[in-house]
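Here's the structure we're looking at; comments come further down.
The values are calculated or read from the model by the stated rules, or taken from the named source; none is laboratory data. None of these values were measured; they are calculated from a predicted model. All Cβ positions, glycine included, derive from the backbone under ideal geometry; neighbour counts span all protein chains shown. Just the protein is used for accessible areas: all its heavy atoms, side chains included, with ligands, DNA and RNA removed. Shrake-Rupley method; radii C 1.70, N 1.55, O 1.52, S 1.80 Å.
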Amino acid sequence: MTRVGIDAIEIWTGKLQLDLPNTFAPTKGDDPEKYTKGLGLYTSSMPDVYEDIVTMGANAAKRLMDRRGLTPQAIGRIDVATESAFDNSKPVSTYIAGCLEQVYEGDFHHANKGERKFACVAGTQSIDDAYNWIKAGRHRGRSALVIATDTALYARGDPGEATQGAGAVAMLISEDPSVVELSTDQGYGSADETDFLKPNQQFPSVDGKRSMKVYLARMREALEDYESVAGRTHPDDFAYIPFHTPFPGMVRRAALLGYRHMTRDTEIEDELAAEIGRQPREEAFDGWDAYENAIRDYMDGLKGTDRYRDWYDRTIDPTLTLSGQLGNWYTGSVHLARASALQTAAETGRGLTGEKLLVGSYGSGAQAEIHAETVQDGWKEEIQQLTIDEQIARRYDLSFDEYEQVHDVHNHDKEIDVEEFTAPVGEFVFAGWGRMNERKYEYVE
Ligand code: HMG
């Protein structure tokens, strides 16, 4: 059987940062701990004036191709996942291919290009498309480039403003991958929901509190569906569980729910019974409300047990390090969570080859997808090449006024001129508009 999965990863963050506890909270009159403790966020990445979804995606892809010594001929597919597209017809992948063709010999004329949309889950769906293409034997020995790129901006004053972010994750999907092999087993939880949407508008309409409930409901459905094909899951089966991470606080909730589900009728439930009782069973209650209250009490107890805390610290917490410093990158978010976990493992000398990850992707609207991955023996070498920590450290720290200017520059309905905050070096930049209102890009040495 051919092994297919993620062979290489590159991450490109927007080059500016908004400091949530020190810059955002004081201006909003909020307690900084709402952001750091409540949401789990410290800084958000923002795009400089010459950055957008194309430049960030192309820059991540170029770094990946350079590092792997790839030519355009080695790529048979370019799929871009985004929910920040600025064109309803011409896909972002064509713009990115156009950028890359400025700097490489050869072209991508024989590569299939597309754009995937389903809120934040589209990055994972693009990986699936690439996986299926290779498994079907249509790839002619070539790899697929999957790029998840977003400028996740909310209208100013929207509660979602604190969870903004901007950046791109480029992934090479190949046979005999170095990082993780994907499994064929998948679970879905999908329903017609109106929790977060952008009906032909740049900034989302969001029902924040409802979106959190929908996330959990769909994720639970996806886990049950996954178990129907892959068998029962156990919390100790997985080295890490990277979730879609709009903000770390969301994952704290999902992890607790997942743990309760996975430990039901296991030795862990038995062991915890003396401390917090057994899990409430619906049939033991007269009404739904009583059952829900009992579940809430059980979860409060569970969250405080050493057993749960140890598992959370080992399996979930390492997936959240990047998110706390970058914010929500929509389509790239779950892929940052995976990278964050692998980076922690590399830094702490944890051996991972052959271990499993359970990956929980999610997109509003709404759909969750869950699958397992097996870590491959080239993972450490690949992950150690990431430069995201240096990129984070180099970001320009915006004052609140500057943040508002940057937000306006990227607002499609506004036209304002703002000087760039950083100087581009060795990267693609937005260079203005063409005669058919297309966006133009150039490479700056
Ligand atoms: P909010 O109303 O500003 O915040 O919006 P809050 O008042 O609920 O506070 C947030 C947390 O901080 C709460 O924690 C507070 O208790 C805590 P919780 O009770 O929920 O555990 N808090 C404090 N903690 C310590 N010290 C303090 C303090 N003050 C408060 N002093 C909300 C929060 C998430 C709703 C908002 O940011 C929002 O609307 N975000 C956008 C929507 C979103 O991210 N939804 C997540 C699920 S949907 C999803 O993931 C899909 C998405 O990525 C889009 C896509 O798929 O395309 C968004």
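Out of PHE247, PHE243, report the one residue that is under 17 Å from the mean Cα position of the chain (by Cα), near the ligand (Cβ under 10 Å from one of its atoms) and closer than 12 Å to HIS371 by Cα.
Numbers: PHE247 fails: closer than 12 Å to HIS371 by Cα.
It is PHE243.
Can you pull out every residue in the range 421-445 that is part of a loop (DSSP other than H, G, I, E, B) and surrounded by fewer than 16 Cβ atoms within 10 Å (Cβ to Cβ)? Quick ask: steps written out before the conclusion?
Going residue by residue through the range 421-445, those that are part of a loop (DSSP other than H, G, I, E, B) are 421-426, 434-438, 445.
Within the range 421-445, THR422, ALA423, VAL425, GLY426, GLY434, ARG435, MET436, ASN437, GLU438, GLU445 meet the criteria.
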#### Entry: Residue tally, condition surrounded by fewer than 21 Cβ atoms within 10 Å (Cβ to Cβ) and under 23 Å from LEU326 (Cα atoms), over the range 212-238
2
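How about the range 173-196: which of its residues are more than 30 Å from ARG142 (Cα to Cα) and either in contact with an Asp or Glu (Cβ under 9 Å, 6 or more places away or on another chain) or within 9 Å of the ligand (Cβ to nearest atom) (or both)? Can you show your working first?
So the first thing to find is which residues in the range 173-196 are more than 30 Å from ARG142 (Cα to Cα), and the list is 189-196.
Selection gives GLY189, SER190, ALA191, THR194, ASP195, PHE196.
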### Residue count, the range 11-62 (criterion: in a loop (DSSP other than H, G, I, E, B) and aromatic (Phe, Trp, Tyr))
2
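Considering only residues that are assigned to a loop (DSSP other than H, G, I, E, B) and within 20 Å of the chain's Cα centre (by Cα), which ones fall in the range 179-199?
Residues of the range 179-199 that are assigned to a loop (DSSP other than H, G, I, E, B), as a first pass: 179, 191-195, 198-199.
Answer for the range 179-199, where residues must be assigned to a loop (DSSP other than H, G, I, E, B) and within 20 Å of the chain's Cα centre (by Cα): VAL179, ASP195, LYS198.
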### Qualifying residues in the range 125-168 (those that are of a type in the set (A, V, I, L, M) and in a strand (DSSP E or B)) - the one nearest to the ligand (Cβ to nearest atom)
ALA152
### Query
How many residues, within the range 90-119, are farther than 23 Å from ARG63 by Cβ and not in a loop (DSSP other than H, G, I, E, B)?
1
### Message
Given the criterion open to solvent by less than 60 Å² (accessible area, probe 1.4 Å), in contact with a Leu (Cβ under 7 Å, 6 or more places away or on another chain), touching a residue at least 12 places away in the same chain (Cβ under 8 Å) and assigned to a loop (DSSP other than H, G, I, E, B), identify the matching residue among GLY365, GLY354.
### Response
GLY365
### Message
Can you tell me which of (1) under 30 Å from THR43 (Cβ atoms); (2) surrounded by 15 or more Cβ atoms within 10 Å (Cβ to Cβ); (3) in contact (Cβ under 8 Å) with a residue 60 or more places away in the chain is the one HIS139 doesn't meet?
### Response
(1)
### Message
I need every pair where a residue in the range 100-118 that is within 15 Å of ASP79 (Cβ to Cβ) and at pLDDT 95 or above has its Cβ under 9 Å from the Cβ of a residue that is of a type in the set (Phe, Trp, Tyr) and part of a loop (DSSP other than H, G, I, E, B), sequence separation at least 6 or different chains.
### Response
LEU100/PHE108
